[in-house]
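Please read the structure below before turning to the comments.
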Amino acid sequence: MEFRNVVRLTICTGEDVFVDNEPLYKFLPKKIEEMGLAGVTVLKAEFGYANTHRGVGSALGRFFSGKADKPIFVEVVDTRENIEKILPLLEKNAKHSIVMMSECQLLVTDYLRESLKNKNK
């Protein structure tokens with residue numbers, strides 16, 4: 001079996017966290033794609049807790065929508081070099097969010113091998 005060292009970047013945010021007039025969880029994938037990173041996944045959690053200092057606050061969100069905003073997780077897995085390209089963007093725009101990085105190993109499957117071969121052509 002073959003493994004590669006990669007970095008997983010996870011941004012924990014909420015539906016109510018915006019960059020200008022766009023939700024952060026929609027803004028980030030566009031920017032990440034523009035920067036040429038391997039990919040991004042956005043996951044919406046069913047329930048979570050965060051204090052009211054994040055975004056417009058869950059109390060205000062509950063007033064307008066009848067429910068609190070849901071937690072959102074934006075995940076990116078790539079090389080450390082590529083992940084470091086987006087850190088300045090996150091430092092500037094991921095306000096009221098938690099950004100975590102962890103090193104992990106990626107199992108190189110036939111699918112990944114084929115993807116890497118096509119990318120290098």
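Annotations
- Selection status of residue 102, out of contact with any His (no Cβ under 7 Å at 6 or more places or on another chain) and either modelled with pLDDT under 85 or closer than 13 Å to residue 16 by Cβ (or both): no
- Selected residue [assigned to a helix (DSSP H, G or I), surrounded by 12 or more Cβ atoms within 10 Å (Cβ to Cβ) and within 15 Å of the chain's Cα centre (by Cα)] from 112, 87, 116: 87
- Residue ID - farthest from residue 70 (Cα to Cα), chosen from residues in the range 1-45 that are in contact with a Lys or Arg (Cβ under 7 Å, 6 or more places away or on another chain) and surrounded by fewer than 16 Cβ atoms within 10 Å (Cβ to Cβ): 35
- Total residues in the range 67-84, condition within 23 Å of residue 34 (Cα to Cα) and not in a helix (DSSP H, G or I): 8
- Selection of the range 90-99 for residues being among the hydroxyl-bearing types (Ser, Thr, Tyr) and either in a strand (DSSP E or B) or modelled with pLDDT of 95 or more (or both) yields an empty set.
- If the condition is being among the charged types (D, E, K, R) and without any contact (Cβ under 8 Å) to a residue 12 or more places away in the chain, then the range 76-109 contributes 81, 84, 91, 92.
- Scan of the range 1-35 for residues that are among the aliphatic types (A, V, I, L, M) and in a helix (DSSP H, G or I), ordered by number: 24, 28, 32
The values are calculated or read from the model by the stated rules, or taken from the named source; none is laboratory data. Everything quoted here is computed from the prediction, not taken from an experiment. Note that we place each Cβ from the backbone using ideal geometry, even for glycine, and neighbour counts take in every protein chain shown.
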